[in-house]
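Everything on this sheet refers to the single structure shown next.
The values are calculated or read from the model by the stated rules, or taken from the named source; none is laboratory data. Keep in mind that this is a model prediction, so the values were computed, not measured. Neighbour counts run over all protein chains shown; Cβ positions are idealised from the backbone, glycine included. SASA here: full protein model, heavy atoms, side chains in, ligands and nucleic acids out. Shrake-Rupley method; radii C 1.70, N 1.55, O 1.52, S 1.80 Å.
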Amino acid sequence: IRIYVPADSAAIALGADEVAEAILTQAQQRGIEIDLIRSGSRGMFWLEPLVEIRTDGGRTAYGPVQVEDVNALFDNDFLHGGAHALSLGLTEAIPYLQKQERVCFARMGVIDPLSLSDYEAHQGFAGLRRCLSMSPSEVVQEVLDSGLRGRGGAAFPTGIKWKTVATASAPQKYIVCNADEGDSGTYSDRMTMEGDPYMLIEGMTIAAIAAGATQGYIYIRSEYPRAIEVMLAAIANASAAGYLGDRIAGSSYAFHLQVRKAAGSYVCGEETAMLESIEGKRGVVRAKPPIPAIQGLFGAPTVINNVISFASVPRILERGAAYYKNLGLGRSTGTLPIQLTGNIRYGGLIEKAFGVTLRELLFDFGGGSASGRPIKAVQVGGPLGTYVPEQYWDLPFDYEAYAAVGATLGHGGIVVHDDTADLSKLARYAMEFCAIESCGKCTPCRIGSTRGVEVIERLVQADADSALKPAQEKLLRDLCHTMQYGSLCALGGMTPNPVISALNYYPQDFGLAAANPA
Ligand code: SF4
């Protein structure tokens with residue numbers, strides 16, 4: 001009998017290790033032989049720890065299981081489909097999962113993350129095999145044709161980056177995976193590394209073949225110890241099996257991969273600060289040009305992509321560019337792993353083709369706020385994302401549609417707030433976050449964020465009918481304009497997004513009768 005209990009950090013935080021231990025103990029005491037697999041998470045966090053049993057008709061699920069439930073589950077013969085209050089039926093039939101389009105996350109929670117044979121049995125390395133039957137330029141063209149855009153936030157076409165590096169002439173080129181997933185409310189990178197690490201290795205290996213690189217680095221945030229542990233083990237296994245090393249899968253291509261642990265700085269998620277950090281220097285942003293594709297790590301041409309960008313590539317190679325391009329909307333092709341968090345009833349990982357709306361995510365998937373109160377504001381795209389008001393909740397998830405209303409999809413993180421949220425406090429927090437995380441290289445961000453905190457405080461504290469109120473609002477808008485257009489990187493440049501959207505859509509929280517954008 002095969003049982004699956006997630007070893008994903010979120011599931012572990014909710015007691016998955018203790019539940020796994022209790023299941024093993026009970027099985028032993030009852031003389032039942034079981035094969036307990038520590039899988040990734042299905043991404044339905046309100047059901048964690050989610051325990052699944054393999055049956056002839058598919059996997060059945062029970063959750064959220066606590067240690068004290070385990071005895072009764074065995075008493076009710078849950079191993080053979082016995083009824084129990086925590087029974088959820090077939091996992092794949094749970095509507096939250098059934099309504100998704102899992103391309104990247106198809107194996108998530110299904111396989112044993114470190115089992116190469118399990119990965120291979122679920123289409124693993126099929127993309128790499130096809131890649132090895134093509135020329136590097138054909139591989140680049142396939143990624144270009146798929147329309148894949150960077151999932152880290154900037155949405156730059158992945159194939160163009162690869163082509164730039166591939167056509168650069170240099171004795172050494174690098175592949176760097178940005179796994180410094182620091183946005184509030186995001187965890188798709190972490191889940192990928194913990195739950196399907198070979199997919200990332202496969203994607204990076206394909207990139208190396210396409211771009212002509214032989215060395216790669218995965219830069220993982222230090223707050224992800226389990227992801228680091230799993231990736232290190234996966235790299236060792238893949239190397240031992242010949243999927244990494246001097247002759248990838250018996251071919252003439254070489255690719256070596258190492259993990260670099262970040263040091264807890266948000267700005268090191270900015271690609272050039274990350275390169276500095278990997279080189280062993282202080283994580284300060286570099287001026288561009290030169291772009292990293294021309295002069296990146298140690299001065300060499302470097303492909304830098306986010307975890308989900310690389311993880312999308314094996315499927316594109318396996319099923320072809322047209323398959324991927326046909327998912328999504330306009331120039332936003334494929335799927336986006338969306339992370340629904342904050343004050344939401346059913347938070348979790350939702351992979352959908354572009355085109356899904358915020359309203360569908362908040363209510364059809366999320367079930368409304370966790371508090372039961374009306375949802376007031378939704379921040380999309382991390383701590384530098386816009387607070388999206390209800391008037392835009394029916395916009396399709398599409399990079400261009402969001403950009404047209406001054407919003408961004410970023411890394412797909414969604415943080416929900418109910419009507420008790422004070423948007424002036426959230427705006428102040430955005431400026432404070434920027435002040436804490438600023439690398440200090442440029443004045444608009446370094447000084448502007450500190451002044452921003454002060455101006456927001458004065459604006460909120462000023463009497464409604466005093467002249468100070470409109471004067472402070474104007475000052476705040478001027479400051480945001482300077483930060484937006486004068487900052488060297490996205491941290492200073494995008495901090496105005498949450499501030500201005502809070503001011504424009506929730507002026508009452510600042511004690512203003514109406515926003516005055518003039
Ligand atoms: Fe550094 Fe901020 Fe300037 Fe970016 S915007 S380079 S984080 S000071």
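Observations on the structure shown:
- Take the conditions (1) open to solvent by 50 Å² or more (accessible area, probe 1.4 Å); (2) over 23 Å from Gln26 (Cβ atoms); His80 misses just one of them, which is (2).
- Flag if Glu101 is open to solvent by 60 Å² or more (accessible area, probe 1.4 Å) and closer than 24 Å to Asp189 by Cα: yes
- In the range 131-143, the residues that are touching a residue at least 12 places away in the same chain (Cβ under 8 Å) form Cβ pairs under 7 Å with partners that are among the hydroxyl-bearing types (Ser, Thr, Tyr), at six or more places apart or across chains, as follows: Leu132/Ser251; Val143/Thr158.
- Close Cβ contacts (under 6 Å, 6 or more residues apart or on different chains) running from residues in the range 151-177 that are over 21 Å from Lys325 (Cβ atoms) to residues that are among the basic types (Lys, Arg) comprise Val165/Lys173.
- Note on the range 291-394: enclosed strands (runs of 3 or more DSSP E) holding 1 or more residues that are surrounded by fewer than 24 Cβ atoms within 10 Å (Cβ to Cβ) are 335-342, 348-353, 375-380, 386-388.
- Total residues in the range 497-518, condition under 16 Å from Gly153 (Cβ atoms) and either modelled with pLDDT under 95 or open to solvent by less than 10 Å² (accessible area, probe 1.4 Å) (or both): 1
- Looking at Leu468, Leu479, just one residue is of a type in the set (A, V, I, L, M, F, W, C) and surrounded by 17 or more Cβ atoms within 10 Å (Cβ to Cβ), and that residue is Leu479.
- Residue check, Asn516 under 29 Å from Glu390 (Cα atoms) and either within 16 Å of the ligand (Cβ to nearest atom) or part of a loop (DSSP other than H, G, I, E, B) (or both): yes
- Residues of the range 281-290 satisfying the condition of being surrounded by fewer than 22 Cβ atoms within 10 Å (Cβ to Cβ), under 25 Å from the mean Cα position of the chain (by Cα) and of a type in the set (A, V, I, L, M): Val284
- Verdict on Thr408 being closer than 30 Å to Ser332 by Cα and of a type in the set (S, T, N, Q): yes
- Within the range 190-210, the presence of a residue that is open to solvent by 10 Å² or more (accessible area, probe 1.4 Å), closer than 21 Å to Pro314 by Cα, among the polar types (S, T, N, Q) and in contact with a strand residue (DSSP E or B) (Cβ under 7 Å, 6 or more places away or on another chain) is excluded.
- The range 466-492 residues that are within 16 Å of the ligand (Cβ to nearest atom), paired with ones that are part of a loop (DSSP other than H, G, I, E, B) and among the small types (Gly, Ala, Ser) (beta carbon under 8 Å, 6 or more apart): Leu488/Ala287; Ala490/Gly153; Ala490/Ala154; Leu491/Ser438; Gly492/Ser438
- Taken over the range 413-424, the residue count meeting the criterion of being open to solvent by 40 Å² or more (accessible area, probe 1.4 Å) and in contact (Cβ under 8 Å) with a residue 60 or more places away in the chain is 1.
- Residue match in the range 404-412 (condition: part of a helix (DSSP H, G or I), of a type in the set (A, V, I, L, M), free of Cβ contacts under 8 Å to residues at least 12 places away in the same chain and more than 16 Å from the ligand (Cβ to nearest atom)): yes
- The range 55-66, residues that are at pLDDT 95 or above and exposed (fewer than 15 other Cβ atoms within 10 Å of the Cβ): Gln66
- In the set (1) more than 16 Å from the ligand (Cβ to nearest atom); (2) crowded, with 17+ Cβ neighbours inside 10 Å, the condition left unmet by Arg458 is number (2).
- Residue list for the range 170-213, filter: in contact with an Asp or Glu (Cβ under 9 Å, 6 or more places away or on another chain) and assigned to a loop (DSSP other than H, G, I, E, B): Asp180, Glu181, Gly182, Tyr187
- Looking across the range 417-443, the residues that are part of a helix (DSSP H, G or I), within 10 Å of the ligand (Cβ to nearest atom) and not small (Gly, Ala, Ser) come down to Cys434, Glu437, Thr443.
- Of residues in the range 227-280 being in a helix (DSSP H, G or I) and acidic (Asp, Glu), the one surrounded by the most Cβ atoms within 10 Å (Cβ to Cβ): Glu271
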